[in-house]
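Quick notes on the structure that follows.
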Amino acid sequence: MKNGSKTSESTKKTFDFLKENLHDTLVKYDTPFRKALTVDLKIASTLWKLATNCEYRTVSHLFGIARSTACSVFHDVVTSINETLAPRFIRNPTTEKFKDIIDGFQNKWGFPNTIEIKRENMASSGRDFCTLCYDNDGSFTEAVTWCTKCEVLLCTGCEKHHTKSRTSKDHKTMSTKDYRKLPKFMLEISSQCRDHRKKFELYCSFHDCPCCVTCITDTHKKCQDLKPLSDILKQVKSSASVQLCEKDLKNVKENLEEIIKKILSRIDTNKNQKTKAAEQIRSMRKSIDDFLNKLEQEIIGDLESKHAQLRSKMNFLLQQVTQQANEINQLQNEFSKMTQSATELQMFIGLREIETTTSKVAKYIDELKSGDIFEEKNLEVRISSALQSILQDVKSFGDININTSQSTLRIKPGRKNEAQNLVPTVPRIEKIKPSMLRTLKIPEDMKYMGLNVCRILPDGKYLTLHHKSCTSYVLLLFDKDGIFERKVITFTEYIHDACFVKNNTVAVTLGSENQTVLVDIEKNTVIQTINLSHSCCGVASDGHILVISNAEKSTIVNLNDVSQTVLEEVGAKGISLFGGNIYATVFSDNKVCCYKETGEPLWIFQHHDIDSPEGIAVDKHGFVYIISRGIDSIVVVSPDGKTCKTILSEADGINFPVAIDIHREKGIRR
């Protein structure tokens, strides 16, 4: 970027770095009346302003935006840089550091250094400044009014000239106090078409958007529902829709409050249920413990009794046998003395006594042997089989179930689609009549390559996937007019599908490799590889998730943490996402399906006009567009999945169709 002899350069790498880091804080989304400024434009206009120090009217002219918008964008980008990047790259000096700098300057140069901190933040000051004064001489004059038609802030002096000027004397103005009361998104609404820098004059009911006169020849040639925008806006504030909208807001707010109240009540109820359930578990455990303790005490008592009986008998027998043994021991001692010292008579009589005693003891032993005294009496325990079965048959303490009952919540019903609206926004299916807008100009050396995929990117460019051979697949990029720009990347794996994800990223499925890769189409490189448990055919994304399908199942990939959820029942040839639902074509069954993101089916549609369906796309109204490959046609299915209509056929030049896509905002189909 140049300004006179001064040159300030910003490399593409630096620009991409800013875009990547500031995207989430700067991105806005289109509405029917306001096409959001792109992050690229916001950063580019801010860098130009910083580099050249040009006036806001110059930025407005160069970038095709209102002067007030240029000022607002500049503030938003600079604020985002300060909040997002400054803490990472700029360390604010502490008071001590400032003191060291001042002292060092004094010591080295012999005179003090003056550090001036100028704080002049227009937005944070709570004041609005005149757009014209700042554009003319860079002065900050406090504004008092806002011109709704010129979209500029005016100070007292400029307001006087503005009201006297023939071209602007009838313009409506409002005080800056009232201007600041408007919601921020309304402050960004412009009455000029950003594409053509002309005033909105018409309204297209089919595309649900305002148009300038150039828009008619550009993208609305075949649109039949064009009305003067002034007729649409006439008496808007006094229309019944304002009261209905106010009532809707009130009802929705009250409903949300009731829902929050109900949720908080359910949280308390569930907490009490948990406490009660825990008490039941502990009570049952105590009952079981008490019962087992009782059984244990009983069997231990029985064990003690039986053991006492055995011990008593054994002790008595032991006493008797010990007594007999003592007698024999005594006789043995006496026999030894007798043989040494007794006379023959004493010996004779003594032997008779010993024999008599020995015979009695031997007889006692025989009696013991003939009885049951020597049988082994063992103590043993046999645990109750019913008790043992607890360890084998009882697998859990119980079950914790979440039982569902009908809600008692009563909420106020909202208006249905048939209710009165400012403008009828959803066209009828019979009014959908596509027209040829442009064709892609494929280079001569690529015309004979097969086409697998064609996608429309948010900026209006086109991305196509061609195959040279079974081992060579190439992504091509075309500009908004269909002119070939460049090759993006070449694959050697078999490619099934591709879709836009966010920023400069597209997802590409690699078929039987069980992989899907994310490609940066600006850097022409693969930035991430996602491995799945199944082959990868169709792919769709809303910027937060990927849905990757094959004929049997699909997988949802969370792009934040790359966690995966497999939907076993959602098999699809082609797949699309819209409004939190998954839309799929089932090639073999000639049907179109709509599922919730949980995999729960919402509707299934079959019709004789749908034969071997492949590609699928959904517009902003929920109409589903199908490639009916078997009969070379394009079929549109109603949002409720109940009716359909063939909108293009072989007679219109549809021959062996493969891919279809829709620009959600413009309604452009490929």
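Some values worked out for this structure:
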{"item": "Set Arg352, Arg382: member being part of a loop (DSSP other than H, G, I, E, B) and of a type in the set (Lys, Arg)", "result": "Arg382"}
{"item": "Residue tally, condition modelled with pLDDT of 85 or more and closer than 25 Å to His307 by Cα, over the stretch 336-383", "result": "6"}
{"item": "Test: residue in the stretch 471-480 that is among the basic types (Lys, Arg) and over 22 Å from Gly574 (Cβ atoms)", "result": "yes"}
{"item": "Of the criteria (1) assigned to a loop (DSSP other than H, G, I, E, B); (2) over 21 Å from the mean Cα position of the chain (by Cα); (3) of a type outside the set (Phe, Trp, Tyr); (4) surrounded by 17 or more Cβ atoms within 10 Å (Cβ to Cβ), which one Val474 fails", "result": "(1)"}
{"item": "Total residues in the stretch 11-45, condition at pLDDT below 70 and under 21 Å from His75 (Cα atoms)", "result": "2"}
{"item": "Subset of the stretch 122-149 that is at pLDDT below 60 and surrounded by 11 or more Cβ atoms within 10 Å (Cβ to Cβ) - its residue that is farthest from Val77 (Cα to Cα)", "result": "Ser125"}
{"item": "Any hit, the stretch 620-637, residues being in contact (Cβ under 8 Å) with a residue 60 or more places away in the chain and within 15 Å of Leu437 (Cβ to Cβ)", "result": "yes"}
{"item": "Qualifying positions in the stretch 569-593 - closer than 16 Å to Ser541 by Cα, touching a Gly at 6+ places or on another chain (Cβ under 6 Å) and not β-branched (Val, Ile, Thr)", "result": "Ala572, Gly574"}
{"item": "Residue satisfying all of: in the stretch 524-544; under 20 Å from the mean Cα position of the chain (by Cα) and crowded, with 20+ Cβ neighbours inside 10 Å; farthest from Thr505 (Cα to Cα) among these", "result": "Leu532"}
{"item": "Failed criterion for Glu568 (all others in (1) under 20 Å from Asn581 (Cβ atoms); (2) touching a His at 6+ places or on another chain (Cβ under 7 Å) hold)", "result": "(2)"}
{"item": "Count - residues of the stretch 442-469 that are assigned to a strand (DSSP E or B), closer than 21 Å to Lys35 by Cβ and touching a His at 6+ places or on another chain (Cβ under 9 Å)", "result": "1"}
{"item": "Counted residues, the stretch 201-218 - those being touching a Leu at 6+ places or on another chain (Cβ under 6 Å) and surrounded by fewer than 20 Cβ atoms within 10 Å (Cβ to Cβ)", "result": "1"}
{"item": "Of all residues in the stretch 391-427 being out of contact with any helix residue (DSSP H, G or I) (no Cβ under 9 Å at 6 or more places or on another chain) and surrounded by 10 or more Cβ atoms within 10 Å (Cβ to Cβ), the one that is modelled with the highest pLDDT", "result": "Pro427"}
{"item": "Of all residues making up the stretch 260-276, the number that are closer than 17 Å to Ser405 by Cβ and either within 26 Å of the chain's Cα centre (by Cα) or in contact (Cβ under 8 Å) with a residue 24 or more places away in the chain (or both)", "result": "4"}
{"item": "Test result for Lys221, touching a helix residue (DSSP H, G or I) at 6+ places or on another chain (Cβ under 8 Å), among the basic types (Lys, Arg) and surrounded by fewer than 19 Cβ atoms within 10 Å (Cβ to Cβ)", "result": "no"}
{"item": "Residue that is of a type outside the set (A, V, I, L, M), surrounded by fewer than 23 Cβ atoms within 10 Å (Cβ to Cβ), assigned to a loop (DSSP other than H, G, I, E, B) and in contact with a strand residue (DSSP E or B) (Cβ under 8 Å, 6 or more places away or on another chain), where the choices are Glu552, Glu493", "result": "Glu493"}
{"item": "Selection count, the stretch 426-484, where residues are farther than 26 Å from Ser649 by Cβ and among the polar types (S, T, N, Q)", "result": "3"}
{"item": "Only one of Leu331, Leu303 that is touching a residue at least 12 places away in the same chain (Cβ under 8 Å) and closer than 28 Å to Tyr364 by Cβ", "result": "Leu331"}
{"item": "Pairs, first at positive phi in the stretch 566-593, second crowded, with 18+ Cβ neighbours inside 10 Å and of a type in the set (A, V, I, L, M, F, W, C), C-beta under 7 Å, six or more apart", "result": "Asn590/Ile610"}
{"item": "Residues located in the stretch 12-62, provided they are closer than 18 Å to Thr131 by Cβ and small (Gly, Ala, Ser)", "result": "Ser45, Ser60"}
{"item": "Within the stretch 477-534, tally of residues that are within 19 Å of Ile442 (Cβ to Cβ), in contact with an Asp or Glu (Cβ under 7 Å, 6 or more places away or on another chain) and not charged (D, E, K, R)", "result": "2"}
{"item": "Within the stretch 556-612, strands (runs of 3 or more DSSP E) holding 1 or more residues that are farther than 24 Å from Cys644 by Cβ", "result": "564-567"}
{"item": "Unique residue being in contact with a helix residue (DSSP H, G or I) (Cβ under 9 Å, 6 or more places away or on another chain), at negative phi and of a type outside the set (Phe, Trp, Tyr) when the list is Glu522, Glu485, Glu513", "result": "Glu522"}
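To keep it simple, each residue is scored yes or no on (1) out of contact with any strand residue (DSSP E or B) (no Cβ under 7 Å at 6 or more places or on another chain); (2) closer than 24 Å to Leu457 by Cα; (3) surrounded by fewer than 17 Cβ atoms within 10 Å (Cβ to Cβ).
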| residue | (1), (2), (3) |
| --- | --- |
| Leu577 | no, yes, no |
| Thr598 | yes, no, yes |
| Pro601 | no, no, yes |
| His608 | yes, no, yes |
| Asp619 | no, yes, no |
| Asp632 | yes, no, no |
| Asp661 | no, yes, no |
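Quick grid of which residues meet (1) touching a Gly at 6+ places or on another chain (Cβ under 7 Å); (2) at pLDDT below 90; (3) among the polar types (S, T, N, Q):
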site: Lys461; (1), (2), (3): no, yes, no
site: Thr464; (1), (2), (3): no, yes, yes
site: Ser469; (1), (2), (3): no, yes, yes
site: Ser472; (1), (2), (3): no, yes, yes
site: Leu475; (1), (2), (3): no, yes, no
site: Asp479; (1), (2), (3): no, yes, no
site: Ile483; (1), (2), (3): no, yes, no
site: Arg486; (1), (2), (3): no, yes, no
site: Cys499; (1), (2), (3): no, no, no
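The values are calculated or read from the model by the stated rules, or taken from the named source; none is laboratory data. Note that the coordinates shown come from a computational prediction; the quantities given were computed from them, not determined experimentally. Virtual Cβ from ideal backbone geometry, glycine too; neighbours counted across all protein chains shown.
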